[in-house]
Amino acid sequence: MGMKDPFGRTVDYLRVSVTDRCDFRCVYCMSEDMTFLPKKDLLTLEEMDRLCSAFISKGVRKLRLTGGEPLVRKNIMWLIERLGRHLQSGALEELTLTTNGSQLSRYADDLARAGVRRLNVSLDTLKPGKFAEITRWGRLPQVLEGLQAAKRAGLKLKINTVALKGVNDDEYETLVAWCADEGFDLTFIEVMPMGVIMDDNGADDSGRAGQFISLETVRAQLARRWTLAESSFRSAGPARYFNVGETGQRLGFITPLSHNFCELCNRVRLTCTGMLYMCLGQDDSADLRAVLRGSETDEALYAAIDAAIARKPRGHDFRVGPEAQAAVSRHMSVTGG
Ligand code: SAM
Ligand code: SF4
């Protein structure tokens, strides 16, 4: 079962950005004065349920809600509880979220009740001052409390850390040790040139080109203290995994820039306005909102999904270095990473 793209890859993983808004303004993701989409352009939660359900009928087995910050979308628990019916029927294997953790104290129990078993929580530093610098509007204690609430609710947690040269490169070892103590998995991510973040003179203001650090370097740094053995484990995502001998925990490395992972890509991404992106690093998309609103039955939707999957490109073309520019013009908060 499932959808096959032109390169024979099975597409069974859908990421849905449920909102482009966020209660943080991470420097590598958004500018401080972001302009967000007008509410009328957004899919309603009912429409998101219908679209996600159509993808599940077509063979999607894993669904990840992201954003923006998924837990700041109004009534988001309604959608999560609705989608829970596909877990109960067995049509969906997994329903997860990627979140900044700020709202977890409030929602952790509800998420667990709805059938969510695992969460990815983004956290780049354990230093309160640095956390405020990176996220601009975020506060570390709130996120740490959210993580504890999620742990108490029985959710499995994976921390995602964007590696930033000169910002958090003194903390990788601390993060590994802290995650081992807490029972969290940890994945490092290379910073990507997504979305143009400009200053008043039109220059790239994100500092991302200067902050790029290859995860090979991060891994070499960690290997001085820990025994890292490459693992055959594969998640639905693009990470490569290593087991840490001393702690038994799993470490992931997502390296879109220094190592191309497209050959294993099994996913497509839906924005909160119903645009389907077949590749995170390419601009081609399909407008499923128009199809959805144009027909009460799902036949046209199935046909539009098939047509889009048939256009899934072989891979992306991110570059990094002095000449790095935004490889794609949209922000990460549009497609949710
Ligand atoms: N707000 C949620 C969060 O932060 O987890 C979900 C959306 S956020 C866009 C998803 C992931 O993308 C986060 O782990 C974030 O660190 C990552 N991200 C954002 N901008 C990025 C960039 N330019 N390069 C690499 N990762 C980025
Ligand atoms: Fe918000 Fe996540 Fe982007 Fe940070 S990375 S600004 S938390 S969407």
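Values in this text are rule-based calculations from the coordinates and carry no lab data. Since the structure is predicted, the reported quantities are computational estimates derived from the model, not experimental observations. Quick reminder, even Gly has a Cβ in these numbers, built from the backbone with ideal geometry, and neighbours come from all protein chains shown.
Taking the Cα centre of region 13-335 as reference, the dipole from Cβ charges on Lys and Arg (+1) and Asp and Glu (-1) amounts to some 860 debye. Note on SER57 and ARG314: the model spin-label points, each 7 Å out from Cα along the C-beta direction, lie 3.4 nm apart. In a DSSP loop and with at most 16 other Cβ atoms within 10 Å, the GluC sites (Glu not before Pro) in region 210-309 are GLU246, GLU296. The angle separating the long axis of helix 104-113 from the principal Cα axis of greatest extent in the chain is about 50 degrees.
Taking R0 as 25 Å, what's the FRET efficiency between PHE36 and GLU145 from their Cβ-Cβ distance, rounded to 0.05? Write down the numbers at each step before the final one.
On the way: r = 27 Å, r/R0 = 1.07.
It comes out at approximately 0.40.
The residues PHE7, PHE131, when put in order of fewest to most other Cβ atoms within 10 Å, stand as PHE7, PHE131.
Taking 4.7 Å between C-beta atoms as the pairing limit, the chain has these partnerless cysteines: CYS22, CYS52, CYS179, CYS262, CYS265, CYS272, CYS279. Taking packing as the residue-averaged number of other Cβ atoms within 10 angstrom, the listed peptides 13-23, 175-185 run from highest to lowest as 13-23, 175-185. Angle of helix 299-309 to the longest C-alpha principal axis of the chain, folded into 0 to 90 degrees and rounded to 10: 40°. Between 0 and 90 degrees, the angle of helix 45-57 with respect to the longest Cα principal axis of the chain falls at about 90 degrees.
Using a 10 Å cut-off around each Cβ, can you sort PHE36, PHE253, PHE233 from fewest to most neighbouring Cβ atoms?
Details: PHE36 15, PHE253 24, PHE233 12.
Ranking PHE36, PHE253, PHE233 by Cβ neighbours within 10 Å, fewest first, gives PHE233, PHE36, PHE253.
Beta bridges per DSSP, both residues in region 13-335: antiparallel share near 30 percent. Pairs of lysine residues in the chain that meet both criteria, 8 or more places apart or on different chains and Cα atoms under 15 Å apart, total 5.
Over the residues of the chain, the helix contribution to mean residue ellipticity at 222 nm works out to -9000 deg cm²/dmol, using -39500 (n - 2.57) for each DSSP H run of at least 4.
Between region 154-175 and region 268-282, how far is it from one alpha carbon centroid to the other, in angstrom? Spelled out, the Cα-based centre of one part sits 27 Å from the other.
Between ARG152 and THR217, the simple label model (points 7 Å from Cα in the Cβ direction) yields a spacing of 4.1 nm. Taken along the Cα-to-beta-carbon direction at a fixed 7 Å, the label points for ALA209 and ASP283 span 1.9 nm. Multiplying the residue separation of GLU46 and SER232 by 0.36 nm and removing their Cα-Cα distance gives an extension gain of 63.0 nm.
Report the calculated FRET efficiency for LYS165 and LYS127 (r = Cβ-Cβ distance, R0 = 25 Å), to the nearest 0.05.
0.95
The mean sequence distance of close C-alpha pairs (under 8 Å, at least 6 residues apart), as a share of the length of region 30-158, puts its relative contact order at 23 percent.
Measuring nothing but how far apart in sequence close Cα pairs (under 8 Å, 6+ apart) lie, relative to its length, region 13-335 scores a relative contact order of 20 percent.
Among LEU270, LEU264, LEU147, the order by Cβ neighbours within 10 angstrom, fewest to most, reads LEU264, LEU147, LEU270.
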